[in-house]
Amino acid sequence: MDLLINSPSWNYRDGELYCEDVPLERIARRTGTPVYVYSRRHLVEKYREITAAWRGRSHLVCYSMKSNSTGAVVRTLVGEGSGVDVVSGGELYRALRAGAPAEKIVFAGVGKTEKEIVEGLQAGILFFTVESTPELELISRTADRLGKTAPVALRVTPDVDPRTHRYITTGKAENKFGLDREAALEFYRLCRRLPGIDPVGIHMHIGSQILDTAPFREGVKRLVALLKKLKAEGISLRYLDIGGGMGISYRGEEPPPAAAYAAALRPLLKGLRLTVILEPGRFITGNAGALLVSVLQVKQKAKKNFIVADGAMNDLIRPALYGAWHQIVPVRPGGGKTVRFDVVGPVCETGDILGTGRRFPRPEPGDRLAVLSAGGYGSVMSSNYNSRPRPPEVLVDGESFRVVKRRESYRDLVKGEAL
Ligand code: LLP
């Protein structure tokens, strides 16, 4: 079995799949399945790959915790010096709880509530990414009322096409995010007039799972042109936030390494006294994790063979929601001729698919499968649909592993309910 992901942290040894130096079978026996497994080493290596690529240029990585907000994952990255990109009061709460310094937190999101704005101001975050003029006015009123000054960065839609899935394209003029470039000057002029506002930066985020540096170059060029116009009006900004979106390998794609992005973008920033902010999510977490499941049944129907696994769309919704392709591999492949299967979960929906048309030697009930590249947008998008308790999460570190989130219980399912 060849692994199509780009991570040295996942490997077969003696016919068994390992995460770092731990056989996945050992984890499955300890925690039961389904279970999310993350490699600490992968998280740290990807984070360091980015900081190494930007060395010598003032920069800050603000890990985008929407891709994986589990406390131990955030804490691992914060421990490396990372800041955090948050998009809700809930994420802000989790980031602070995981030890993120407020001055390294950026707060984005298309519709922040007044409560969330108060929380950001009280914490003393680095800046709010602002998505509209009414939102700027709300931030101004709120800051003024609290006797505070809100640092802000306008989110601009640079109108470049990142050529990715249409649901995760965000930087086109027709998307709901941010303001058009043409509106930017007026926005910053308004910043000067409003009380309680300190314009400190400019932001873009053009999409996710991007496999090319060109759209980033184009976007940054457009933002730099804007920065020059602003400067001419006496408005100097300190932060250029280029968002996230760097892609990873799910099925053998060849994503540019962090150094390629830095090499493509650094020349555009020559002579500009700015701190570059990056908001990678998937790049760090995607291939750090797998969803480990067990085979419940193998069944043959006239037209298809199915593997019914104990993990389902409620645990990992990307295949069902986006038609996303995740490599699925047996933990102990064994031998024998391979058969084509659809790997499905027990949820009562035809769309409850983890992968279709996959070839494996026929498994037995109880055999384990690993759904790879599930570290980003996996557990965070899980739900209790069909009243299925969410899986536990495990962080592997070398030869040891730790349960960093326990499996939900039936009691957890009804927590907060009144009959
Ligand atoms: N910054 C902003 C403002 C964002 O909206 C996002 C992602 C990121 C950073 C991080 O992007 P990344 O580096 O992970 O590509 N659920 C979808 C992905 C949605 C991404 C939303 N925004 C999926 O499963 O593919």
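The values are calculated or read from the model by the stated rules, or taken from the named source; none is laboratory data. Since the structure is predicted, the reported quantities are computational estimates derived from the model, not experimental observations. Note that each Cβ is placed from the backbone with ideal geometry, even for glycine, and that neighbours are counted across all protein chains shown. Just the protein is used for accessible areas: all its heavy atoms, side chains included, with ligands, DNA and RNA removed. Shrake-Rupley method; radii C 1.70, N 1.55, O 1.52, S 1.80 Å.
Please count how many residues of segment 405-419 are within 15 Å of S382 (Cα to Cα) and not in a loop (DSSP other than H, G, I, E, B).
So the answer is 3.
Can you name the condition, by its number, that K303 falls short on among (1) in a loop (DSSP other than H, G, I, E, B); (2) within 16 Å of the ligand (Cβ to nearest atom)?
The one condition K303 does not meet is (2).
Would you mind finding the one in E49, E91 that is open to solvent by 40 Å² or more (accessible area, probe 1.4 Å) and either outside the structural domain of R155 (by TED's automatic domain parsing) or modelled with pLDDT under 95 (or both)?
The unique qualifying residue is E49.
Looking at segment 1-38, which of its residues are out of contact with any Asp or Glu (no Cβ under 8 Å at 6 or more places or on another chain), open to solvent by less than 40 Å² (accessible area, probe 1.4 Å) and over 30 Å from S409 (Cα atoms)?
I5, S7
Which residues, taken from segment 176-195, are under 12 Å from L136 (Cβ atoms) and either open to solvent by 60 Å² or more (accessible area, probe 1.4 Å) or among the basic types (K, R) (or both)?
Within segment 176-195, E186, R189, R192, R193, P195 meet the criteria.
Go through the residues of segment 126-134 one by one and say whether even a single one is touching a Pro at 6+ places or on another chain (Cβ under 8 Å) and assigned to a loop (DSSP other than H, G, I, E, B).
Within segment 126-134 (the criterion being touching a Pro at 6+ places or on another chain (Cβ under 8 Å) and assigned to a loop (DSSP other than H, G, I, E, B)), the answer is yes, since at least one residue qualifies.
For segment 368-389: of the residues being within 16 Å of the ligand (Cβ to nearest atom) and among the aliphatic types (A, V, I, L, M), which is nearest to the chain's Cα centre (by Cα)?
V380
Of the residues that make up segment 281-299, is at least one in a loop (DSSP other than H, G, I, E, B) and touching a Gly at 6+ places or on another chain (Cβ under 9 Å)?
yes
Can you tell me which of (1) buried (at least 19 other Cβ atoms within 10 Å of the Cβ); (2) in contact with a Phe, Trp or Tyr (Cβ under 6 Å, 6 or more places away or on another chain); (3) part of a loop (DSSP other than H, G, I, E, B) is the one A312 doesn't meet?
Status for A312: all satisfied but (2).
State yes or no: is L321 of a type outside the set (D, E, K, R) and assigned to a strand (DSSP E or B)?
Here the answer is no, as L321 does not meet what is asked.
Taking segment 227-275 on its own, how many of its residues are among the β-branched types (V, I, T) and within 16 Å of the ligand (Cβ to nearest atom)?
2
When residues of segment 339-358 are filtered for being within 29 Å of the chain's Cα centre (by Cα), open to solvent by 30 Å² or more (accessible area, probe 1.4 Å) and either closer than 16 Å to A374 by Cβ or in contact (Cβ under 8 Å) with a residue 12 or more places away in the chain (or both), how many remain?
Looking only at that region, the number is 6.
Which of the residues that make up segment 67-125 are part of a loop (DSSP other than H, G, I, E, B), under 15 Å from the mean Cα position of the chain (by Cα) and of a type outside the set (A, V, I, L, M)?
Scanning segment 67-125 gives N68, S69, T70, S82, S88, G109.
Only one of L146, L126, L136, L154 is modelled with pLDDT of 95 or more, over 21 Å from S64 (Cβ atoms) and surrounded by 16 or more Cβ atoms within 10 Å (Cβ to Cβ). Can you tell me which?
L136
Picking from P365, P392, P333, P361, which residue would you name as being away from the ligand (no atom under 16 Å from the Cβ), in contact with a Lys or Arg (Cβ under 8 Å, 6 or more places away or on another chain) and either more than 21 Å from T70 (Cα to Cα) or β-branched (V, I, T) (or both)?
After applying the criteria, what remains is P361.
Yes/no matrix, rows are residues, columns are (1) of a type outside the set (K, R); (2) surrounded by fewer than 16 Cβ atoms within 10 Å (Cβ to Cβ); (3) under 20 Å from the mean Cα position of the chain (by Cα):
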site	(1), (2), (3)
I197	yes, no, no
I210	yes, no, yes
E254	yes, yes, yes
P267	yes, yes, no
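Filter segment 56-77 down to residues that are within 14 Å of L43 (Cα to Cα) and among the aliphatic types (A, V, I, L, M) and give me whichever is nearest to the ligand (Cβ to nearest atom).
M65
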